[in-house]
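Chemist: Below: one structure in structure tokens.
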Amino acid sequence: MSEHDNNLASDLSVGENQKPNRKEPKQISFRVSESEYEKLRSSAETLNMSVPNFVKKKAHGSRLVAPKFDKETRQSIAKDLSKLGANVNQIAKYCNQHQHENSDYDVLGRKINAVRERLDEIWQNLN
């Protein structure tokens with residue numbers, strides 16, 4: 001079979017795939033004013049959703065609850081928790097590497113308490 005024949009064979013399968021494979025085959029379109037769209041966009045952004053997804057959830061009667069914190073605060077909390085996780089991992093690694101030695105448990109205790117205190121601060125901010 002020549003290279004030209006291979007291209008023709010692959011062209012036949014293109015026609016079979018013209019119809020997109022969607023979970024929901026029906027589409028609803030409607031128009032809104034600029035102010036209405038801005039309200040929808042703002043609400044969707046608050047919930048970290050796209051406007052179409054937000055409208056669909058509302059149409060289904062879903063009760064959408066706004067997050068307690070804005071995006072920057074959520075990202076800051078996630079960053080703080082990630083740092084605490086890294087600290088805990090370092091403590092665990094140290095303990096595993098030095099399990100057969102006389103470790104400095106006072107230093108480890110202070111580090112664990114520091115992690116615990118910072119975690120308590122984050123927890124208080126969440127409540």
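The values are calculated or read from the model by the stated rules, or taken from the named source; none is laboratory data. Because the structure is predicted, anything quoted here is derived from the model rather than measured. So basically every Cβ, Gly included, is an ideal-geometry build from the backbone, and we count neighbours across all protein chains shown. When the accessible area is computed, the model is the full protein with side chains, heavy atoms only, and any ligands, DNA or RNA have been set aside. Shrake-Rupley method; radii C 1.70, N 1.55, O 1.52, S 1.80 Å.
Chemist: Out of K79, K68, K83, report the one residue that is within 22 Å of N127 (Cβ to Cβ), assigned to a loop (DSSP other than H, G, I, E, B) and open to solvent by 90 Å² or more (accessible area, probe 1.4 Å).
Modeler: Result of the check over K79, K68, K83: K68.
Chemist: Give me a count of the residues in the stretch 73-98 that are of a type outside the set (A, V, I, L, M) and under 19 Å from R118 (Cα atoms).
Modeler: Total meeting the criteria: 12.
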